[in-house]
Amino acid sequence: MKFVDVKEVFAEIPDEITLAISISGCPIQCKGCHSQYLWEDTGQELTPEVLSTLLDQHFGVSCICFMGGDQDPGEVNRLAHWVREISKVKVAWYSGRAKLATQIELSNFDYLKIGPYDESYGPLNVRTTNQHFYQVLDGGLHEITHRFWK
């Protein structure tokens, strides 16, 4: 699994300073996607060593978010588990799948966004969105999509 870029962002996860890692090779390829450059399988391999370096370079982030990775949810889960083991930062995953992948263990995550982008429903920050944003609490998913609405 490869990534193309990383950015410190403030709007992807409520109340968190997030290191968003843009993962390439997206198999979903939603119509109207704002990140079509992630459809191709390009970039640098995302490994635990690379993640460690990224966390060291971005001191002060409170959350790491895998933006994509739907081509290999098992690898996303493995990397999330690794982050949990070595760091105190929270872990999130933005998935374009309609349902949570079976390879995902909730205990490895604090936040999950699930759902493909459908331009007829709009993005996560509008009430009509088909996407769902969850906080993982007490081993379950608690929907907090409303936190994105204006």
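If each residue's Cβ is checked for other Cβ atoms within 10 Å, how do Leu79, Leu54, Leu112 rank with the fewest at the top?
Ordered by Cβ neighbours within 10 Å, fewest first: Leu54, Leu112, Leu79.
Please identify the trypsin sites (Lys or Arg not before Pro) of segment 1-78 that satisfy two criteria: DSSP loop assignment and at most 16 other Cβ atoms within 10 Å. Which are they?
Of the trypsin sites (Lys or Arg not before Pro), the ones in loops of segment 1-78 whose Cβ has at most 16 other Cβ atoms within 10 Å are Lys31.
Counting only other residues whose beta carbon sits under 10 Å from that of Phe109, what net charge do I get with K and R as +1, D and E as -1?
After counting each charged neighbour, the total is 0.
Quick one: what are the phi-derived ³J(HN,Hα) couplings along segment 141-146, Karplus 6.51/-1.76/1.60 with θ = phi - 60°, whole Hz, x for glycine and proline?
Computed from phi, the couplings for segment 141-146 are 9, 10, 5, 10, 3, 4 Hz.
Calculate, for Ile17 and Glu49, the FRET efficiency according to 1/(1 + (r/R0)^6) with r their C-beta to C-beta distance and R0 25 Å; round to the nearest 0.05.
The pair Ile17/Glu49 has a calculated efficiency of 0.65.
Using 0.36 nm times the number of residues separating Tyr121 and Glu105, minus their current alpha carbon distance, what extension gain do you get?
Length difference between fully extended and current span is 2.9 nm.
Hey, if you put +1 on the Cβ of every Lys and Arg and -1 on every Asp and Glu Cβ in the chain, which of Ile17, Leu141, Leu46 ends up farthest toward the positive end of that dipole?
It is Leu141.
Note the full-extension length gain between Phe59 and Asp41 as 0.36 nm times their separation in residues minus their Cα-Cα distance, in nm to one decimal.
3.7 nm
For a quick check, take a GNM of the chain with Cα springs below 10 Å and name the residue from Asp110, Asp70, Asp41 with the largest mean-square fluctuation.
Of Asp110, Asp70, Asp41, the most mobile in the Gaussian network model is Asp41.
Search the structure for amide H atoms under 5 Å from the amide H of Asp5, placed 1.01 Å from N in the peptide plane, and list their residues when 5 or more places away or on another chain.
Distant-sequence amide H within range of Asp5: Ser22.
What is the distance in Å between the Cα centroid of segment 116-150 and that of segment 24-44?
Spelled out, the Cα-based centre of one part sits 21 Å from the other.
For segment 102-112, in order, what is each residue's ³J(HN,Hα) by Karplus, 6.51 cos²θ - 1.76 cosθ + 1.60 with θ = phi - 60°, in whole Hz (x at glycine and Pro)?
Values per residue, Gly and Pro as x: 5, 6, 7, 9, 4, 5, 8, 10, 9, 9, 9 Hz.
Looking at the chain as a GNM with Cα springs under 10 Å, which of Asn77, Asn130, Asn108 has the largest mean-square fluctuation?
Ranking Asn77, Asn130, Asn108 by mean-square fluctuation puts Asn130 first.
In whole Hz and in residue order, list the ³J(HN,Hα) couplings for segment 14-24 that follow from phi through the Karplus curve 6.51 cos²θ - 1.76 cosθ + 1.60, θ = phi - 60°; x for Gly and Pro.
x, 6, 10, 8, 10, 8, 8, 10, 7, 8, 8
Under a no-solvent Debye model with one identical scatterer per Cα of the chain, what's log10 I(q)/I(0) at q = 0.13, 0.18, 0.20 Å⁻¹?
Relative scattering, expressed as log10 I(q)/I(0), comes to -0.53, -1.09, -1.38.
Just so you know, all these numbers are worked out from the coordinates, no wet-lab data involved. Since this is a predicted model, take the numbers as computed values, not measurements. All Cβ positions, even for glycine, are placed from backbone atoms using ideal geometry, and neighbour counts span all protein chains on display.
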